[in-house]
Amino acid sequence: MSKYKLFLLRHGEGAWNKENRFCSWVDQKLSKDGVKEAQDCGRLLKEQGYKFDLVFTSILSRSIQTAWLVLEAMGQEWVPVVKSWRLNERHYGSLIGLNRAEMALQHGEEKVKLWRRSYDITPPPIDESHPYFLEIYNDRRYTTCDVPKENLPRAESLKEVLDRLLPYWGSTVVPEIRKGRTVLISAHGNSCRALLKYLEGISDKDIASVTLPTGIPVLLELDENLKPVKPRQLLGDQAKIQAAIRKVEDQGKAKPST
Ligand SMILES: O=C(O)[C@@H](COP(=O)(O)O)OP(=O)(O)O
């Protein structure tokens, strides 16, 4: 029997989603379309009568901005928003900033698919010579984490995302759900995929074909042990959602940049 409702949301489209670049820990804001996606998401949730008690976000602006826009559109701006680096997007290492379609041209679509969707392959790590290294590691937000800056990741597989996310899920999110609070997690494609893998018991192989489009809320209905009692529901127009999923998948197809 369904006891709890949990909502997962990949932020609205970010500036680098539009440019098809690996964004990861670079702090890009939402694009104009991304702002609209977040507002539409909030309107849809309001129309369907949902009410949140608590929102969790990463410490990247695109997930925070999305949470704010959703709450504003729902008229629930007062709902507390709690942030943690543990919900950040997967750290894409040295791939950060690169264009997926160009990478597919250079390395082949299969390789890009492995980098993006395999469960336990870690991309090459970022180092000091990378153009975005200082922007990321000199950012004040990373002095607020519950691990010293030197121990923050330099690249992550999806498995490593789950390893850093699960302690937070267990210690901070689960107790709130168990108190009966309706929680929204406004995060990223891969931090949400990692959590979905865990909650739904998806195999290492099958998680490769789970794709989350931007700005689409995912509703999970959970039993008293926080196990899903029915398949996840992606809320909204199903034809549009399928088209948005295909668009994310096609980002890894080889294409010279224009
Ligand atoms: O880091 C990024 O560019 C995307 C995910 O990229 P893919 O895994 O889909 O390549 O993350 P998000 O837009 O959800 O923050």
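The values are calculated or read from the model by the stated rules, or taken from the named source; none is laboratory data. Model, not experiment: these values are computed from the prediction. Methodologically, a virtual Cβ is constructed for each residue, glycine included, from the backbone with ideal geometry; neighbour enumeration extends over all protein chains shown.
When both residues are 6+ apart or on different chains and their Cβ atoms are under 6 Å apart, which pairs have a first residue that lies in the stretch 21-35 and is within 21 Å of D250 (Cα to Cα) and more than 8 Å from the ligand (Cβ to nearest atom), and a second that is modelled with pLDDT under 95 and among the hydrophobic types (A, V, I, L, M, F, W, C)?
Going by the 6 Å Cβ cut-off, the qualifying pairs are S31/A15.
Restricting the stretch 206-227 to residues that are in a strand (DSSP E or B) and closer than 15 Å to A194 by Cα, which is nearest to the ligand (Cβ to nearest atom)?
My answer is V218.
Go through the stretch 1-31 and report how many residues are assigned to a strand (DSSP E or B) and acidic (D, E).
Residues flagged as assigned to a strand (DSSP E or B) and acidic (D, E) within the stretch 1-31 amount to 0.
Hey, does the stretch 183-197 have a residue that's surrounded by 17 or more Cβ atoms within 10 Å (Cβ to Cβ) and away from the ligand (no atom under 16 Å from the Cβ)?
There is at least one residue in the stretch 183-197 that is surrounded by 17 or more Cβ atoms within 10 Å (Cβ to Cβ) and away from the ligand (no atom under 16 Å from the Cβ).
Scan the stretch 80-103 for residues that are over 20 Å from the mean Cα position of the chain (by Cα) and surrounded by 18 or more Cβ atoms within 10 Å (Cβ to Cβ) and report the count.
Selection size over the stretch 80-103: 2.
Could you check P123 against (1) farther than 21 Å from S186 by Cα; (2) surrounded by fewer than 20 Cβ atoms within 10 Å (Cβ to Cβ) and say which number it fails?
It is condition (2) that P123 fails.
Among residues belonging to the stretch 1-17 that are charged (D, E, K, R) and near the ligand (Cβ under 10 Å from one of its atoms), point out the one that is farthest from L235 (Cα to Cα).
Applying the filter and picking the extreme gives E13.
Kindly establish whether S94 is touching a Pro at 6+ places or on another chain (Cβ under 7 Å) and over 22 Å from L196 (Cα atoms).
yes
Does R116 satisfy the criteria of being within 12 Å of the ligand (Cβ to nearest atom), within 18 Å of the chain's Cα centre (by Cα), assigned to a loop (DSSP other than H, G, I, E, B) and surrounded by 14 or more Cβ atoms within 10 Å (Cβ to Cβ)?
No.
Residue-wise test of (1) under 29 Å from N99 (Cα atoms); (2) surrounded by 13 or more Cβ atoms within 10 Å (Cβ to Cβ); (3) without any contact (Cβ under 8 Å) to a residue 60 or more places away in the chain.
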site: D204; (1), (2), (3): yes, no, no
site: T214; (1), (2), (3): yes, yes, no
site: P217; (1), (2), (3): yes, yes, no
site: E224; (1), (2), (3): no, no, no
site: I241; (1), (2), (3): yes, yes, yes
site: V248; (1), (2), (3): yes, yes, yes
site: G252; (1), (2), (3): yes, yes, no
site: P256; (1), (2), (3): yes, no, no
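Suppose we filter Q106, Q39, Q65 for residues that are part of a helix (DSSP H, G or I), of a type outside the set (K, R), surrounded by fewer than 20 Cβ atoms within 10 Å (Cβ to Cβ) and within 16 Å of the ligand (Cβ to nearest atom); which single one remains?
Result: Q106 is the single residue among Q106, Q39, Q65 that is part of a helix (DSSP H, G or I), of a type outside the set (K, R), surrounded by fewer than 20 Cβ atoms within 10 Å (Cβ to Cβ) and within 16 Å of the ligand (Cβ to nearest atom).
Checking R164 against (1) away from the ligand (no atom under 16 Å from the Cβ); (2) in a helix (DSSP H, G or I), only one condition comes out false. Which one?
(1)
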